[in-house]
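Reviewing the structure listed below.
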Amino acid sequence: FAALHAAVPGLPLASSTVLPGIILSRDFASYCPAEGELRAVLVTEPLRPALTAPGVEFVVDSEGQYQASQRWITRRTEAFVKHLQSNNVKLLLSSTKQDEVVIYYAKLYGVSVVECLLSEEMALISEITGVSPYAPFGDNMYREVIETAVASFCQPLLLGSKRCVHIGFTSVCAFQPHCLILCGPVDGVNEQHAAALQEAFTMLQQLVKTVDQ
């Protein structure tokens, strides 16, 4: 329930509403408007490649070697983002913060990015879409990207003074997500309303289970 409702203080209760899809409590790090359905990937690791494996020391002997290594990282990052674009990926959803060079090339190649997502948000997206996080730097970096979710829309949403991301995913199960926007004069009132609604939904869920049995 926590991932399927958002509280907006400072507005009258009558402004509360239900929106299709889910709302992510983050702003876009990169926003590139796209028309129609778009493909999205989930990632749980930085997309800026490392020069060595974890725990392995990398020694730079000269400024020239350092600059060469930075150019290699930049070229590889650009190649990866371009690879996403060639696979029609228009949205990158990341649980980690991505490097500035990733955001730069995402904007350049028309890929929207939302970063620092909560584990609950990532889990909800996986449940809705049936998609697991994409591992970008495996045996073949340029393999076809098949771990993609389909979204019918992806757009900015302003809730009070907070900028969020509103996404409508194509669900692979009977669950069709909607998000409850709870409005109230102060946070305390919204919290009370949210708790009451969660209890009511829990009771209804238990009642349905009892009837099914």
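The values are calculated or read from the model by the stated rules, or taken from the named source; none is laboratory data. Model, not experiment: these values are computed from the prediction. Quick reminder, even Gly has a Cβ in these numbers, built from the backbone with ideal geometry, and neighbours come from all protein chains shown.
A compact table of results
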quantity	calculated
The one condition in (1) assigned to a helix (DSSP H, G or I); (2) out of contact with any strand residue (DSSP E or B) (no Cβ under 7 Å at 6 or more places or on another chain); (3) at pLDDT 90 or above that LEU158 fails to fulfil	(1)
From the options PHE153, PHE175, residue that is part of a strand (DSSP E or B) and of a type in the set (Phe, Trp, Tyr)	PHE153
VAL145 being assigned to a loop (DSSP other than H, G, I, E, B) and either β-branched (Val, Ile, Thr) or free of Cβ contacts under 8 Å to residues at least 40 places away in the same chain (or both)	yes
Selected residue (criterion: nearest to the chain's Cα centre (by Cα)) from residues of the stretch 92-115 that are within 17 Å of PHE153 (Cβ to Cβ) and part of a loop (DSSP other than H, G, I, E, B)	VAL111
Out of GLU121, GLU115, GLU144, sole residue that is surrounded by 15 or more Cβ atoms within 10 Å (Cβ to Cβ), modelled with pLDDT under 95 and not small (Gly, Ala, Ser)	GLU121
Some residue of the stretch 71-83 being at pLDDT 90 or above and closer than 19 Å to ILE128 by Cβ	no
Filter result for the condition that a residue is of a type in the set (S, T, N, Q) and in contact (Cβ under 8 Å) with a residue 40 or more places away in the chain, over SER119, SER94	SER94
Filtered residue count, the stretch 57-78, keeping only those that are surrounded by fewer than 18 Cβ atoms within 10 Å (Cβ to Cβ) and either in a loop (DSSP other than H, G, I, E, B) or in contact (Cβ under 8 Å) with a residue 12 or more places away in the chain (or both)	12
Residues (modelled with pLDDT of 90 or more and either surrounded by fewer than 17 Cβ atoms within 10 Å (Cβ to Cβ) or not assigned by TED's automatic domain parsing to the domain that holds ALA40 (or both)) located in the stretch 124-141	SER126, GLU127, GLY130, SER132
Selection status of LEU124, among the hydrophobic types (A, V, I, L, M, F, W, C) and without any contact (Cβ under 8 Å) to a residue 40 or more places away in the chain	no
Filtered residues of the stretch 169-197 (kept if β-branched (Val, Ile, Thr), modelled with pLDDT under 75 and either exposed (fewer than 12 other Cβ atoms within 10 Å of the Cβ) or under 25 Å from ILE125 (Cβ atoms) (or both))	VAL186
